[in-house]
Every structure is written in C-alpha cells, then in structure tokens.
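One structure below.
The values are calculated or read from the model by the stated rules, or taken from the named source; none is laboratory data. Nothing here was measured: the structure is a model prediction, and the numbers come from that model. All Cβ positions, even for glycine, are placed from backbone atoms using ideal geometry, and neighbour counts span all protein chains on display. To get the accessible areas, we keep the full protein, side chains included, count just its heavy atoms, and leave off ligands, DNA and RNA. Shrake-Rupley method; radii C 1.70, N 1.55, O 1.52, S 1.80 Å.
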Amino acid sequence: MRRAGLTHLFHTIRYLKAKQIYYRLFYAFRKKVRKVMKISPVFEMEAKGIPLTLEESIAPLPSYSDVTFTFLNLTHRFEKKIDWNFSGFGKLWTYNLNYFEFLLQPDMSRERGLGLIEEFIGDIRNIKDGLEPFPVSLRGINWIKFLSKHKIESRKVDSSLRAQYAVLQDNLEYH
C-alpha cells in the first residue's frame with residue numbers, strides 16, 4: 001500500500017469507535033467462514049402477514065415506467081429481466097433500485113407491483129447489494145406499504161419478507 005493509501009486509511013479509521021472496527025472485522029471474517037462452509041441465508045420462512053391501515057403519505061417521484069428506472073437523474077432500461085445487481089451507475093443507484101420505493105408511485109398497478117416483487121423473490125439467491133441491511137430495511141417498509149394499500153395476502157411474499165428481516169437481524173449495522 002502506498003503512503004497516500006496508508007494516510008487515507010489512517011484518517012478513515014481514526015474516527016471509528018472500537019465497536020465499529022470490531023464488527024467490520026467480525027462480519028468480514030464471518031462472511032469468509034460461511035463461504036468456505038457453504039452456509040447461505042434461508043430465503044423463505046413461513047409467515048402470514050396482516051395488512052395494515054396506513055395514512056396516505058407523500059408519493060415518491062416517478063422512477064419506474066415499463067422496465068425503465070430513473071434514480072439520481074440516471075435512467076436505465078432493462079431489456080429482458082431486471083438485473084437487481086446492475087452496477088452501471090454505481091452502488092447508490094443499485095440501492096435505489098432495491099429499495100422498491102417505485103411501488104408507491106400513484107400509477108403503480110396492483111398486478112405490476114406484485115409482479116416486480118415476485119420477480120425479485122425469484123432472483124433473491126443471486127442478489128448482492130440488495131441484501132445489505134439498509135436496502136433490506138427500506139424495501140421491507142415499501143413492500144408492507146404496497147401490500148397493505150392493495151390488501152394483498154401472499155404467503156410467498158410474506159415468507160420472503162420474514163426471511164429478509166431475518167437476514168437483516170443477522171447483519172445489524174454496528175460498523
């Protein structure tokens with residue numbers, strides 16, 4: 001590592017608390033151990049959701065239309081199926097894709113929204129950035145809002161949502 005790299009690393013680490021450093025190292029080590037031992041998360045856990053009654057909130061800016069997504073003023077159209085790991089515009093754009101806030105657009109139909117959720121669930125074993133804690137937590141809230149608004153009861157979606165929250169619980173952000 002060059003001197004500039006060491007200086008940069010020092011100025012990054014010096015503001016971290018011991019707990020943050022510990023969890024950063026712990027999660028990195030645990031990830032390697034799980035990979036070697038071929039331990040992967042469970043993506044289905046039996047659950048039955050109950051639709052909530054929620055107050056209307058401010059609708060998000062339109063970001064989805066016919067497999068075309070716009071986040072951070074950058075637009076991408078997926079030709080065949082959505083690549084939930086698309087990184088062509090950086091990690092923040094990928095995070096926005098995985099937040100599923102577009103489900104709350106006024107013009108999002110029940111059928112199309114549920115189809116997008118089911119497409120995500122079908123590809124969940126291949127998803128990387130979208131299974132990090134922050135996207136999981138925001139996606140869960142947005143799914144719950146959408147499911148409640150449309151009074152959708154789906155064991156498949158409920159089971160996936162519960163499993164995603166188990167992944168979140170196993171990866172709390174201390175770092």
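Summary table
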{"quantity": "Cut-off 11 Å between beta-carbons: net charge of the residues surrounding VAL136, Lys and Arg +1, Asp and Glu -1", "calculated": "-3"}
{"quantity": "Fully extended contour minus Cα-Cα distance, from LYS128 to MET37, at 0.36 nm per residue", "calculated": "30.9 nm"}
{"quantity": "Förster radius 41 Å - calculated FRET efficiency between ILE21 and GLU118 (Cβ-Cβ, nearest 0.05)", "calculated": "0.55"}
{"quantity": "Local electrostatic count at PHE69 - Lys and Arg +1, Asp and Glu -1, tallied over other residues with Cβ under 14 Å", "calculated": "-2"}
{"quantity": "Reachable lysines, given that their alpha-carbon falls under 16 Å from the alpha-carbon of LYS145 and they are not under 8 places away in the same chain", "calculated": "LYS48"}
{"quantity": "Charged-residue dipole, Cβ positions (Lys, Arg, Asp, Glu), the range 1-131 about Cα centre, Debye nearest 20", "calculated": "1520"}
{"quantity": "Ellipsoid semi-axes in whole angstrom, largest first, where each is sqrt(5λ) of the Cα gyration tensor of the chain", "calculated": "32, 21, 16"}
{"quantity": "Nearby aspartates and glutamates by direct alpha-carbon distance to LYS81 (threshold 15 angstrom, same-chain neighbours under 8 apart not counted)", "calculated": "ASP66, GLU118, GLU119, ASP123"}
{"quantity": "Computed label-point distance, nm, for sites LEU9 and SER87 using a 7 Å Cα→Cβ extension", "calculated": "2.1"}
{"quantity": "Whole-number percent relative contact order across the chain, with pairs defined as alpha carbons under 8 Å at least 6 apart", "calculated": "34"}
{"quantity": "For the range 98-117 and the range 28-62, distance of Cα centres in Å", "calculated": "17"}
{"quantity": "Those lysines that a straight Cα-Cα span of less than 25 Å connects to LYS80, excepting residues fewer than 8 apart in one chain", "calculated": "LYS91, LYS128, LYS156"}
{"quantity": "Virtual spin-label span in nm between ASN73 and GLU173, 7 Å along Cα→Cβ", "calculated": "2.5"}
{"quantity": "Positive-end extreme of charge dipole, the chain - chosen from ILE152, PHE29, PHE100 (charges on Cβ)", "calculated": "PHE29"}
{"quantity": "Segment TYR165-GLN105, extension gain: residue separation times 0.36 nm, minus the distance between their alpha carbons", "calculated": "19.2 nm"}
{"quantity": "The range 33-124: C-alpha gyration tensor shape, a/c 1.5 cut-off, then a/b vs b/c", "calculated": "oblate"}
{"quantity": "Within the accessible area of the chain (1.4 Å probe), percent carbon and sulfur", "calculated": "58"}
{"quantity": "Å² of accessible area per residue within the range 1-41, as computed with a 1.4 Å probe and no ligands counted", "calculated": "101"}
